[in-house]
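Here the structure is laid out as structure tokens; the discussion comes afterwards.
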Amino acid sequence: MVTGKRPFCAQILSRATQENLLLSINQAVQPEYELRQFRPSYGDGYSLYVAPRSVWSEIERSNPEASESLFLSAPRLAAYWSKSYLVRMFSKP
């Protein structure tokens, strides 16, 4: 449980994608924590890292290029997968 935060009840549709579920989980743990995905490498598409916001701020401050190349935020992940297959082929998450 996130300190001092009321329970979060996310409405999940039966046809919800994994990405939208991850987005809901991310919303539940904010503002103290944030969930990000390690960018896929060698077929491992769902390596997740949940860390305090201070960790993400420090990574972005000290090495923004690494942050951009190694991690994908839950909102960007959900937005990318909401695109059609053809659009995803020609775009970057």
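Key figures for this structure:
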item: Ranking of Leu86, Leu72, Leu22, Leu77 by count of other Cβ atoms within 10 Å, fewest first; result: Leu86, Leu72, Leu22, Leu77
item: Length released on extending from Ala66 to Arg39, taking residue separation times 0.36 nm less the Cα-Cα span; result: 8.6 nm
item: Which of Trp81, Trp56 has the fewest Cβ neighbours within 10 Å, and the rest in rising order; result: Trp81, Trp56
item: Residues whose placed amide H lies under 5 Å from that of Leu48, excluding near-sequence neighbours; result: Phe38
item: Burial ordering of Arg36, Arg6, Arg53, fewest other beta-carbon atoms within 10 Å first; result: Arg6, Arg53, Arg36
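Where a number appears in this text, it was derived from the coordinates with a stated rule and is not lab data. Since this is a predicted model, take the numbers as computed values, not measurements. Neighbour counts are summed over all protein chains in view; Cβ atoms, including those assigned to glycine, are modelled from backbone coordinates with ideal geometry.
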